[in-house]
Structure formats: structure tokens, C-alpha cells
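None of the figures in this text is laboratory data; all of them are computed from the coordinates on show. None of the values given here were measured: they were computed from a predicted structure. Backbone-built Cβ (ideal geometry, glycine too); neighbour counts: all protein chains shown.
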Amino acid sequence: MTENFELPIIDLKEAKTDPNGVAKKVVNGLENIGFLYIDNVPLDYDKMYTCCKWFFNQPQDVKDDIMRRHWAPDNKNLYRGYFPIVEGEPSRKEGFECCRDPDPDDKRIKPGNWLCEPSVWPNEDGTFPFKQAMQECYDIMFDASLEILRLTAIGIGIKENAFDEIFEQSPLSTLRLMHYPSWNGKAPDCAKIEDGKVVTTPDHTDSNFLTLLYTFDFHGLEVITADGKWKAVQPRPKSLIMNIGVVFSRMMGGRFKATHHRVLDIGRDRYSVPFFHEPGFYGDIGLNWMNKHTGGGPEHQPEFYGPWLLNRIKYVMKYFEYRVLPDIEA
């Protein structure tokens with residue numbers, strides 16, 4: 001039976017009056033667990049749930065109009081938009097993704113760079129301002145992510161805004177709506193795990209920099225802890241769950257933990273809203289990054305985020321929807 005455990009709680013309101021104390025908690029959590037609760041992010045959580053219900057209850061033709069071209073060859077969008085449930089895969093989920101459209105003044109972004117494509121939006125029926133609500137949520141999540149990174153910088157003894165430049169121009173950050181229908185007893189063997197459990201997202205680490213997640217009141221998220229055991233992360237009302245991805249752990253020399261996690265089938269529809277905070281295509285995420293700011297340790301090796309991400313999702317992880325997409329000129 002999976003055990004429950006409590007994550008460290010980072011209160012962004014407390015950080016206004018005690019930034020050093022909260023910064024120490026952030027760094028301790030990232031070094032030892034890799035997952036944290038984040039309190040007092042000023043989101044409208046009811047509106048986030050309405051976004052999920054509104055979008056996933058749309059007629060299929062509305063979702064088809066913004067489906068990625070991998071599944072809808074007549075569509076132009078390759079990276080953003082809607083992705084469907086894929087039968088026979090261990091992941092049982094559908095989703096919608098949007099971004100902050102690229103900066104038109106960023107002349108470095110070349111034509112055909114599909115990682116930097118703008119968002120596509122569903123036609124609205126007048127019952128709910130979906131696009132506006134999503135953009136508001138994106139902006140709040142983006143700002144909260146930067147606030148957490150500034151606390152991280154304080155905690156590791158570098159300038160408070162040291163991480164800001166990585167995200168300043170055309171960030172690739174993504175806001176996603178997720179719907180996990182139950183397998184209803186019909187899961188393929190590849191989705192079955194120990195103790196008769198079934199996953200809707202198998203064991204993985206995130207590739208991105210930092211993830212903020214709201215799970216509403218839905219259980220199902222599990223993380224693997226230092227003792228090698230899977231433990232359940234309990235939903236915390238009006239609190240986000242934070243974890244970091246491989247790229248952040250890598251540039252910090254493994255000091256911070258990109259923790260493995262998975263999502264279980266809970267026997268009913270499950271919704272969540274993750275925000276993947278990602279650098280700009282030309283953000284420097286190279287090895288020995290701390291050397292830039294401290295002058296100590298091995299020499300920093302500059303590297304752009306976009307080419308690193310493309311290599312990881314297309315050639316290392318070999319995600320099926322990206323394997324067929326063209327390479328990108330840096």
C-alpha cells in the first residue's frame with residue numbers, strides 16, 4: 001500500500017516579510033525532496049476548474065480544429081493546442097496547451113521554429129471567456145515561478161534576479177489543462193503496475209525547468225522518495241504543488257532533485273492544471289551554470305535551451321508525437 005507523506009510548505013506571503021527564511025526552506029526542499037507545496041499564489045482556482053470543464057466538454061469538432069498536426073494533418077499547429085487520448089498507450093489523458101506568444105522583436109527566432117509557435121484557441125460559444133481566463137492564469141503562474149526562482153537564488157547565495165535573464169525573451173513556458181478519464185477496468189498491460197494499480201501517466205521526470213501544478217481535490221499523484229518507495233502526494237486546498245525538471249537539476253550539477261513521479265487511475269475523471277516554466281529558446285542552461293555567478297567551480301559551458309529540449313524530446317526520450325517533426329535551426 002502506498003504511503004502518504006507531507007511536502008514542505010512554501011508560503012509566498014511569508015516570503016514578503018522573511019525572504020531569507022523562506023529561501024532556506026525552498027533550497028532545503030529542492031535538495032532533499034524535489035517537490036514542495038506553494039501557498040498564497042493569487043489564482044482563481046474555481047475559474048481554473050471551469051476552464052477544464054468548459055474545454056473538455058466541448059464538441060469533438062471544436063477540439064479537432066485545434067488538434068496538433070500529428071493527429072490532424074490539415075492543421076498547422078505542431079506543438080501547441082489540443083492532443084487526444086491515444087489508445088494502447090500507458091498514458092490515458094487528453095490536454096490543451098497554450099503559451100505566451102513569442103516576442104515579435106526577437107529576431108533570433110527563425111521561420112519554422114515550431115517550439116516557438118503561437119497559441120491556437122478554440123472557438124468560444126459565449127458561455128465562458130476561456131482565452132482570457134487562461135491568459136490570466138498563465139501570467140500569475142509565470143510570475144509565481146519567477147518569485148520562487150528568486151527565493152532559490154537568495155537561498156544559494158547569488159543575486160536575487162540571477163535566473164530572470166533565462167526567461168526574459170520569448171519564454172517557452174506552457175500552461176496545460178489535463179483530463180484523465182478512468183480506464184474503467186480496461187487498461188492495457190503496459191499501464192498496469194505493482195499491487196494491482198493502474199497508471200494514467202507512467203513513471204517519469206519532467207524535462208522542463210520548474211513545474212507548478214494544481215490538482216483540485218483529486219488524488220492520484222505519487223512520487224518516489226529517497227528510500228525508493230512510492231508515496232502519495234495529498235491535494236492541499238488552494239496550494240500548488242511544485243517540482244523541478246531535468247534541465248534545472250542538470251545545470252545545478254544535480255544539487256536539486258528532479259524527482260520521479262506518476263499518476264494513478266482513481267476510478268473516475270481526474271483534472272489538473274500544470275504550468276511548465278521554461279526558458280526562452282536561447283536561454284542559457286549550460287553545465288556549471290553557478291560558475292557564471294560565483295566564479296567558483298568548473299568553468300561554465302553555455303548551451304541554449306531550445307536545442308537541448310529538441311534533442312531530449314525527439315532523440316533521447318523519443319516521444320512519438322515529436323519524432324516525426326523537423327529539426328530546428330538554432
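Read through the labelled values (1) 77, 46, 38; (2) 54, 48, 41; (3) 54, 51, 38 and report the label of the one computed as Cα extents along the principal axes in Å from the structure.
Computed from the coordinates, Cα extents along the principal axes in Å corresponds to (3).
List the relative contact order of the chain as a percent without decimals, with contacts defined as Cα pairs under 8 Å and 6+ residues apart.
21 percent
Select from 309, 274, 287 the residue farthest towards the positive end of the dipole of the range 266-309; place +1 on Cβ of Lys and Arg, -1 on Cβ of Asp and Glu, and compute about the Cα centre.
The listed residue farthest towards the positive side: 274.
Count charges around residue 123 for me, please; just the other residues with Cβ under 13 Å from its Cβ, Lys/Arg as +1, Asp/Glu as -1.
On the way: positive: 63, 131; negative: 61, 64, 65, 124, 125.
Cβ neighbours under 13 Å give a net charge of -3.
Defining a contact as two alpha carbons under 8 Å apart and six or more residues distant in sequence, what relative contact order in percent does the range 63-176 show?
Working: 138 pairs, mean separation 29.9, N = 114.
Answer for the range 63-176 is 26 percent.
Using modelled backbone amide H atoms (1.01 Å from N, in-plane), which distant-in-sequence or interchain residues come within less than 5 Å of residue 77's amide H?
69
Find how much the distance from residue 44 to residue 158 grows on full extension, using 0.36 nm per residue of separation minus their present alpha carbon separation; answer in nm with one decimal.
Difference between extended and current length: 37.8 nm.
Compute, for the chain, the length of the dipole vector about the Cα centre, with Cβ point charges of +1 (Lys, Arg) and -1 (Asp, Glu) only. Units Debye, rounded to 20.
Values: 39 positive and 49 negative charges, 118 e Å.
Dipole of the chain, to the nearest 20 debye: 560 debye.
Using only DSSP helix segments of four residues or longer, with each worth -39500 (n - 2.57), what per-residue ellipticity at 222 nm results for the chain after dividing by its residue count and rounding to 500?
Working: 9 runs with 82 residues, N = 330.
Mean residue ellipticity, 222 nm, calculated: -7000 deg cm²/dmol.
Give 13/47; 47/186; 24/314 a once-over and call out the pairs whose C-alpha atoms are over 29 Å from each other.
As for pairs spanning more than 29 Å Cα to Cα, those are 47/186; 24/314.
Label-point separation (nm) for residue 165 and residue 255, each offset 7 Å from Cα along Cα-to-Cβ?
Reported label-point gap for residue 165 and residue 255 is 1.8 nm.
So for the pair residue 189, residue 232, with labels modelled 7 Å out along Cα→Cβ, what separation do we get in nm?
Placing both labels 7 Å along Cα→Cβ, they lie 2.9 nm apart.
Among the listed pairs 93/229; 110/318; 192/231; 131/238; 231/257; 63/107, give every one whose C-alpha distance is greater than 20 Å.
93/229; 110/318; 131/238; 63/107
I'd like the FRET efficiency for residue 105 and residue 76, computed as 1/(1 + (r/R0)^6) with the beta carbon distance as r and R0 of 22 Å, rounded to 0.05.
Between residue 105 and residue 76 the formula returns 0.45.
Alpha carbon centre of the range 196-234 versus the range 75-122: separation in Å?
For the range 196-234 versus the range 75-122, the Cα centre distance is 24 Å.
Mind checking which of 28, 38, 17 is farthest towards the positive end of the range 1-44's charge dipole, using Cβ charges of +1 (Lys, Arg) and -1 (Asp, Glu) about the Cα centre?
It is 17.
Under 12 Å from the Cβ of residue 22, count the other residues' Cβ atoms, weight Lys and Arg +1, Asp and Glu -1, and hand me the total.
Details: positive: 13, 16, 24, 25, 150; negative: 11, 14, 18, 39, 147.
The answer is 0.
Along the Cα→Cβ direction, 7 angstrom out, place labels at residue 320 and residue 91. What is the inter-label distance in nm?
1.1 nm
Taking R0 as 22 Å, what's the FRET efficiency between residue 24 and residue 216 from their Cβ-Cβ distance, rounded to 0.05?
It comes to 0.15.
When the distances between all Cα atoms of the range 47-206 are binned every 10 Å from zero, what whole-number percent does each bin get?
Reading the bins upward from 0: 9, 29, 32, 22, 7, 0.
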